[in-house]
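S.K.: I'd like to ask some things about the structure below.
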Amino acid sequence: MIEATGVTWHYGVNPVIDGVSVTARPGRILGLIGPNGSGKTTLLRLLYGALRSRSGQVAVDGDALSALPAREAARRLAVVVQETGGETALTVAELVLLGRGPHLSTFQRAGRADHEIAARCLSRVGATHLSGRAFAQLSGGERQRVLIARALAQQATHLLLDEPTNHLDIRYQHEILHLVRTLDTCSVVVLHDLNLAARYCDDLVLLGAGGVAAAGTVDEVLDPAVLEPVYGIGIRRLDLDGAVHLLFHPIHQSTDERTAA
């Protein structure tokens with residue numbers, strides 16, 4: 001479980017995250033949603049310790065994140081971020097093997113079991129064929145899958161992902177999020193696509209104006225009356241075969257125009 005209580009972050013004098021509290025529960029996927037600039041990535045960085053809040057605290061399974069040694073934090077938290085560069089000279093197999101680092105002592109070399117775990121993780125994201133390629137030569141979508149494989153190789157109990165479907169085509173968007181659903185982890189995912197959030201998340205936190213505009217289950221948060229004031233767009237919700245689907249339209253568009261379309 002990850003619990004953030006009253007966390008805050010300012011860029012200059014402007015609060016991006018202001019006294020926010022969220023809880024990510026074991027075995028569930030918490031989605032962070034909201035418009036551009038609402039603080040989704042900033043909140044995620046606070047949750048895994050890349051940023052340290054000026055107030056409140058973040059706890060992982062009841063332990064203050066700020067008090068955990070780096071190696072122990074890495075055994076608990078695996079992170080996939082967007083901005084990882086492609087300048088490394090490592091091959092894909094070597095990069096994924098780095099995920100085993102938290103389980104090795106300072107001068108210990110990766111063993112056969114570590115290589116096998118890394119290979120299985122590449123297979124799980126459909127990237128075994130990339131193992132001998134240089135990471136720097138991959139496309140954006142290929143890099144994303146490899147970075148997720150590295151996080152899986154870490155075998156952490158908590159997985160945090162910043163827009164993991166970025167650069168991926170529709171097939172891999174669904175395959176990656178389906179994979180996350182199958183993991184026995186506490187997962188936190190930043191997503192722009194609300195329909196992907198509806199399909200794969202259990203709980204949602206909707207951010208807006210520096211705070212939490214809504215929090216709860218997918219059914220509770222993906223309510224047009226809740227979403228429209230935050231996103232500034234008209235939303236129609238359809239519940240089909242037990243799943244939520246959202247349709248979007250300019251907020252000034254009339255009902256007759258939407259029906260005709």
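The values are calculated or read from the model by the stated rules, or taken from the named source; none is laboratory data. Keep in mind it's a predicted model, so treat the numbers as computed, not measured. Quick reminder, even Gly has a Cβ in these numbers, built from the backbone with ideal geometry, and neighbours come from all protein chains shown.
S.K.: Which residue is modelled with the lowest pLDDT, if the candidates are limited to the stretch 201-214 and must be under 24 Å from ASN14 (Cβ atoms) and in contact with a helix residue (DSSP H, G or I) (Cβ under 7 Å, 6 or more places away or on another chain)?
M.R.: Top of the filtered list is GLY208.
S.K.: Same structure, new question: In a helix (DSSP H, G or I), within 15 Å of GLU87 (Cα to Cα) and in contact (Cβ under 8 Å) with a residue 12 or more places away in the chain: is that true of ALA118 in this structure?
M.R.: Judged against the criteria, ALA118 is not a match.
S.K.: Across the stretch 201-220, which residue is surrounded by the fewest Cβ atoms within 10 Å (Cβ to Cβ) among those that are in contact (Cβ under 8 Å) with a residue 24 or more places away in the chain and part of a helix (DSSP H, G or I)?
M.R.: It comes out as ASP219.
S.K.: Here's a follow-up. For the stretch 54-111, how many residues are exposed (fewer than 15 other Cβ atoms within 10 Å of the Cβ), in contact (Cβ under 8 Å) with a residue 40 or more places away in the chain and charged (D, E, K, R)?
M.R.: Adding up the residues that qualify gives 3.
S.K.: Filter the stretch 120-158 for residues that are of a type in the set (A, V, I, L, M, F, W, C) and surrounded by fewer than 17 Cβ atoms within 10 Å (Cβ to Cβ); which is nearest to the chain's Cα centre (by Cα)?
M.R.: Checked the stretch 120-158; the qualifying residue nearest to the chain's Cα centre (by Cα) is ALA136.
S.K.: Mind listing whichever residues of the stretch 159-200 are modelled with pLDDT of 95 or more, within 22 Å of TYR48 (Cα to Cα) and in a helix (DSSP H, G or I)?
M.R.: ALA197, TYR200
S.K.: Across the stretch 19-60, which residue is farthest from ALA198 (Cα to Cα) among those that are touching a Lys or Arg at 6+ places or on another chain (Cβ under 7 Å) and part of a loop (DSSP other than H, G, I, E, B)?
M.R.: LEU51
S.K.: Give the residues of the stretch 1-14 that are assigned to a strand (DSSP E or B) and surrounded by fewer than 17 Cβ atoms within 10 Å (Cβ to Cβ), sorted by residue number.
M.R.: THR5, GLY6, THR8, HIS10, TYR11, ASN14
S.K.: Tell me whether the stretch 232-252 contains one or more residues that are buried (at least 19 other Cβ atoms within 10 Å of the Cβ), under 28 Å from PRO15 (Cβ atoms) and touching a residue at least 40 places away in the same chain (Cβ under 8 Å).
M.R.: So far as the stretch 232-252 goes, no, none of its residues is buried (at least 19 other Cβ atoms within 10 Å of the Cβ), under 28 Å from PRO15 (Cβ atoms) and touching a residue at least 40 places away in the same chain (Cβ under 8 Å).
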